[in-house]
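J.: Dumping the structure here so I can ask a few things about it.
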Amino acid sequence: MKLTKAGKPAELKPNDLKWTCDPCTFAFESTSTLKPIEGIIGQERALKALKIGVDLKAQGFNIFVTGLSGTGKFSTIKKMLESIRPNCTELMDYAYVNNFKDSDRPILLSFQSGTAAKFKKDLANAIKFLQEKIPQLLDTEPFVSTKKKLYTEYGIAQQEALKGFEKKLKKDHFTLGQVKVGELARPEIFALIENEPVMVTQLGEYVADGKISEDQAEQITTKYTGYQEELQRVFKESLKLSQEFQEKMLSIEKNAIKDIVEITIGNLKAKYDFPKVHDYLDMAGENILETLDIFKGQKPTREETEEGIIVDYLKEYDINIILDNDEVKECPVLIETSPTYGNLFGTIEKYSDGNGGWYADFTRIKGGALLRANGGYLVINALDAFTEPGVWKSLKRVLLYGKLEIQDAANLYMFSPSILKPEPIEINTKIILIGNEYIYGILSNNEDDFNKIF
């Protein structure tokens, strides 16, 4: 069959290639008299879907956004959330404190917004107050009289323990003294020759000088050996008396300052009526009574090691505020353009001792964007979250269990792992991932937990 040849298209005139706007179609003289259009133009369906998503507060209703046109997807989402003005839960402050029972497991304290900084200041003032008052109490009556009486009793008991033994030694021309060994002194038995104490190891010199005979030296050595066992018994008894004296002294010191510590801690507990804060303050009070040397002034609060590291003995009473919401008045909406592991989940910083050792404590814990957005919304690029090392796996865990565990990023690679394990934080952050349909399809079809949380 013969095909029919297509006809020649009609030519377009230059006027047909140009569209001209007719000003008569507008009911205004100038755009300066018009009010700006509020909201998102042409995205009514997306806005409605987003509102449904943010209004669902249950766990697992996070949002994946696809199909938005243009390059300003993040700003568009932020404007949408601002226009929706979602209801926000009560914002909290979070702080880590020392766990006096296990320093490798810092304790998390939660406060009402704006309260953590006040608690930190009040606790610091309380510790300073006790530093000033405890030495004063231990330098006044009735503690001074009780202390003198205890010293007297200890001296008498030591004399009684040694009196009988020294009497035996004196009959056999021996005496009891001390010999310095390194930095320590230990009791020793000396032979009395011409009313001078002589160590048994020096008897050979006295034999050579003719001051004593060999038989006398042998008799002295034999008696010396026989007294050694009794010396050890007396020495142990003396150590036991000394230990009992130290325990009694510590006990009366604790009794002398117990009231002021309890009153100081009680004032803080009355001001900050949170059960977990009360538990922490009780532990802090007990620890003060167990570390009196610092508060008595017998031990400096700060020391520098040979490697140049500053050791602060009062650091264990510090408060590490990882989130202060005092200035936050609205529901937080954060856009994280660089969702690395540390930026999202926080980290545990370390410090070096100068010899290759790295250390960390509760004051080195830092929060991330996920915590700062707690109770609000965090917007992330889906591709970035999926490609950053460790981010997607940890993000799934947080969204599935609702708990954030701040860890050292090096733990991901099993390189110089930190043994510090801070108490997990209850997280109520709604995640909004932005990506294309291709990424959504990959995650939905191949990631088992994706459909549970988005």
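J.: Could you say which residue among Lys240, Lys168 is in a helix (DSSP H, G or I), exposed (fewer than 15 other Cβ atoms within 10 Å of the Cβ) and in contact (Cβ under 8 Å) with a residue 24 or more places away in the chain?
T.: Lys168
J.: Can you tell me which residue is surrounded by the fewest Cβ atoms within 10 Å (Cβ to Cβ) among those in the stretch 120-161 that are among the aromatic types (Phe, Trp, Tyr) and within 21 Å of Leu289 (Cα to Cα)?
T.: Here the answer is Phe129.
J.: Hey, can you tell me all the residues within the stretch 274-296 that are acidic (Asp, Glu) and at pLDDT below 90?
T.: Glu290, Asp293
J.: Collect the residues in the stretch 100-115 that are closer than 15 Å to Ala284 by Cα and of a type outside the set (Val, Ile, Thr), keeping them in residue-number order.
T.: Within the stretch 100-115, Phe100, Lys101, Asp102, Ser103, Pro106, Leu108, Leu109 qualify.
J.: Which condition breaks for Ser251 when tested against (1) under 35 Å from the mean Cα position of the chain (by Cα); (2) modelled with pLDDT under 90; (3) more than 24 Å from Tyr154 (Cα to Cα)?
T.: So the condition that Ser251 fails would be (3).
J.: Quick check on my filter: what residues within the stretch 254-286 are acidic (Asp, Glu) and either part of a helix (DSSP H, G or I) or over 28 Å from the mean Cα position of the chain (by Cα) (or both)?
T.: Listed by number, the residues that qualify are Asp259, Glu262, Asp279, Asp282, Glu286.
J.: Moving to a separate point now. Restricting the search to the stretch 359-396, which residues are outside any loop (DSSP other than H, G, I, E, B), within 28 Å of Ile319 (Cα to Cα) and in contact with a Leu (Cβ under 9 Å, 6 or more places away or on another chain)?
T.: Phe362, Arg364, Ile365, Ala369, Leu370, Leu371, Arg372, Tyr377, Leu378, Ser394, Leu395
J.: Go through the stretch 385-400 and give me each residue that's touching a strand residue (DSSP E or B) at 6+ places or on another chain (Cβ under 9 Å) and without any contact (Cβ under 8 Å) to a residue 40 or more places away in the chain.
T.: Arg397
J.: Looking only at residues in the stretch 188-203 that are in a helix (DSSP H, G or I) and farther than 15 Å from Asp172 by Cβ, which one is modelled with the lowest pLDDT?
T.: Per the stated criteria, the residue is Thr201.
J.: Follow-up question, since we're still on this one. Restricting the search to the stretch 378-406, which residues are farther than 14 Å from Ile427 by Cβ and either hydrophobic (A, V, I, L, M, F, W, C) or in contact with a Ser or Thr (Cβ under 7 Å, 6 or more places away or on another chain) (or both)?
T.: Val379, Ile380, Ala382, Leu383, Ala385, Phe386, Glu388, Val391, Trp392
J.: Of all the residues that make up the stretch 19-57, how many are hydrophobic (A, V, I, L, M, F, W, C), modelled with pLDDT of 70 or more and within 26 Å of Phe386 (Cβ to Cβ)?
T.: 5
J.: Here is a check on your reading of the model: is Phe111 surrounded by 14 or more Cβ atoms within 10 Å (Cβ to Cβ), in contact with a helix residue (DSSP H, G or I) (Cβ under 8 Å, 6 or more places away or on another chain) and in contact (Cβ under 8 Å) with a residue 40 or more places away in the chain?
T.: Yes, satisfied.
J.: Further, regarding this structure: Quick test for you: out of Asn428, Asn436, Asn445, pick the one residue that is among the polar types (S, T, N, Q), in contact with a Ser or Thr (Cβ under 7 Å, 6 or more places away or on another chain), modelled with pLDDT under 90 and under 19 Å from Gly60 (Cβ atoms).
T.: From the options Asn428, Asn436, Asn445, the qualifying one is Asn428.
J.: Does any residue of the stretch 130-137 turn out to be within 30 Å of Leu241 (Cα to Cα) and either without any contact (Cβ under 8 Å) to a residue 24 or more places away in the chain or not aliphatic (A, V, I, L, M) (or both)?
T.: Looking through the stretch 130-137, at least one residue is within 30 Å of Leu241 (Cα to Cα) and either without any contact (Cβ under 8 Å) to a residue 24 or more places away in the chain or not aliphatic (A, V, I, L, M) (or both).
J.: With the condition kept exactly as written, say whether any residue in the stretch 402-412 is modelled with pLDDT under 85, polar (S, T, N, Q), at negative phi and touching a helix residue (DSSP H, G or I) at 6+ places or on another chain (Cβ under 8 Å).
T.: Taking every residue of the stretch 402-412 in turn, none turns out to be modelled with pLDDT under 85, polar (S, T, N, Q), at negative phi and touching a helix residue (DSSP H, G or I) at 6+ places or on another chain (Cβ under 8 Å).
J.: A follow-up question, please. Here is a check on your reading of the model: is Lys101 closer than 17 Å to Val277 by Cβ and either under 24 Å from the mean Cα position of the chain (by Cα) or at pLDDT 90 or above (or both)?
T.: Criteria met by Lys101.
J.: In the stretch 413-425, how many are in a loop (DSSP other than H, G, I, E, B), exposed (fewer than 15 other Cβ atoms within 10 Å of the Cβ) and modelled with pLDDT under 85?
T.: 5
J.: Could you count how many residues in the stretch 119-168 are basic (Lys, Arg) and modelled with pLDDT under 85?
T.: 6
J.: Take the residues of the stretch 342-358 that are within 22 Å of Gly390 (Cα to Cα) and assigned to a loop (DSSP other than H, G, I, E, B): which is modelled with the lowest pLDDT?
T.: Lys350
The values are calculated or read from the model by the stated rules, or taken from the named source; none is laboratory data. Quantities reported herein were computed from a predicted structural model and do not represent experimental measurements. Positions of Cβ are generated from backbone atoms using ideal geometry, with glycine treated the same way; all protein chains shown enter the neighbour counts.
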